[in-house]
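First comes the structure, then the notes that go with it.
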Amino acid sequence: MKTIRILVFFVLTAGIVGIAALGFGAYNPAADEQHSRIVYWLLQTLRERGVEVRTDKSAIPDLGNAETLRIGAGNYNAMCVGCHLKPGQTDSELHRGLYPQPPSLVAIGDHVAPERAFWIIKHGIKASGMPAWGKSMDDRSIWGLVAFLRTLPRLSPEDYHEAVERSGGHTHGAPGAAAHSQHHHESTEHGHDGHDSGIPEHQHNDNQPSHAGQLPLTATPAENNSSSAAHSHADETPATAPTAVEGNTHTHRP
Ligand code: HEC
């Protein structure tokens, strides 16, 4: 009886000290410092078991379908490269700075089980930087990405470039939308070269609200360059500056 009381006392004290420590900000949330072993283990178990029990193998379509694969390439290039890299690329600012670090899908794309890849792409992973693409993309386009990931590690930079060119850019249907209401984003691989932000500059051809409308299109390049938002790599000065936004430069030292 006495042992149980001592045990309860210790558990309660540890709980109170733990909660007080959290309240005082003892746990560092910075992305440039690794989790403690116990927190890492907890989060990893949450993610792995949580994903495992939710995946559905029976829903996998024909991933060898040429059209599915074709669509996947353009969407991957427009939406995933900034974090998950492309053939010939080993690093990017987002890839380096995020914690957990996004895996290089060029290295492991063919090792991720299709049902797992589909679930993670559709629903994202909380507090990790991996977005829930299912909020803006239909299932068919997500399977296109899954199909493309399986081929990615075998592609040379040239093969990759060709696959993106053939794919017609960034094209996907909205969730629940019929095939004919697909919207097409104008951006192509060229549109994303020169920066690895992973944040594509979209132009919608339909009546959807345009992302471009949120950008200061009326500003002149000179105005932009004088603002603190100027962000350009000195070695990546664009040859032409067709719009104020594209003319904006991305400059910083590591
Ligand atoms: C802003 C960065 C970011 C973007 C953009 C992004 N991801 Fe991710 N992704 C992550 C991170 C971070 C993880 C790791 C999450 C974790 O381990 O908890 C991840 C994990 C994944 C995984 C799981 C790999 C595995 O088995 O462990 C897949 C598959 C994936 N992403 C596919 C994609 C695809 C496809 C796209 C584009 C449609 C995309 N991601 C866009 C950050 C990103």
**OP:** Any chance you could run the full-extension gain for Ala113 through Asp159? It's 0.36 nm times the residue separation minus the Cα-Cα distance, nm to one decimal.
**Re:** 14.3 nm
Original post:
Using a ≥ b ≥ c from the Cα gyration tensor of segment 31-80 (square roots of the eigenvalues), is it rounded, prolate or oblate, where a/c under 1.5 gives rounded and otherwise the larger of a/b and b/c decides, a/b for prolate?
Top reply: oblate
Subject >> Computed FRET value (nearest 0.05) for Ser58 with Ala127, which takes r as the C-beta separation and R₀ as 30 Å >> reply: 0.50
Subject >> Solvent-accessible area per residue, Å², over segment 33-102 with all protein chains present [probe radius 1.4 Å] >> reply: 61
Original post:
Each residue of segment 154-159 in order: what ³J(HN,Hα) in whole Hz does its phi give by Karplus 6.51 cos²θ - 1.76 cosθ + 1.60, θ = phi - 60°, with x for Gly and Pro?
Top reply: 8, 8, 7, x, 5, 4
Subject >> Exposure ranking of Lys135, Lys86 by accessible area [1.4 Å probe, largest first] >> reply: Lys135, Lys86
**OP:** Rank these by accessible area, largest first, 1.4 Å probe: Thr90, Thr251, Thr171.
**Re:** Thr90, Thr251, Thr171
Subject >> DSSP-loop chymotrypsin sites (Phe, Trp or Tyr not before Pro) across segment 91-153, with at most 15 other Cβ within 10 angstrom >> reply: none
**OP:** Could you compute the FRET efficiency for Ile38 and Lys2, with r as their C-beta to C-beta distance and R0 at 22 Å, rounded to 0.05?
**Re:** 0.15
Subject >> Per DSSP, loop trypsin sites (Lys or Arg not before Pro) in segment 47-119 with at most 16 further Cβ within 10 Å >> reply: Arg54
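The values are calculated or read from the model by the stated rules, or taken from the named source; none is laboratory data. Predicted model, so just to flag it, every value in this text is computed and none were measured. All Cβ positions, even for glycine, are placed from backbone atoms using ideal geometry, and neighbour counts span all protein chains on display. Quick note on the areas: whole protein, heavy atoms, side chains included, nothing else; ligands and nucleic acids left out. Shrake-Rupley method; radii C 1.70, N 1.55, O 1.52, S 1.80 Å.
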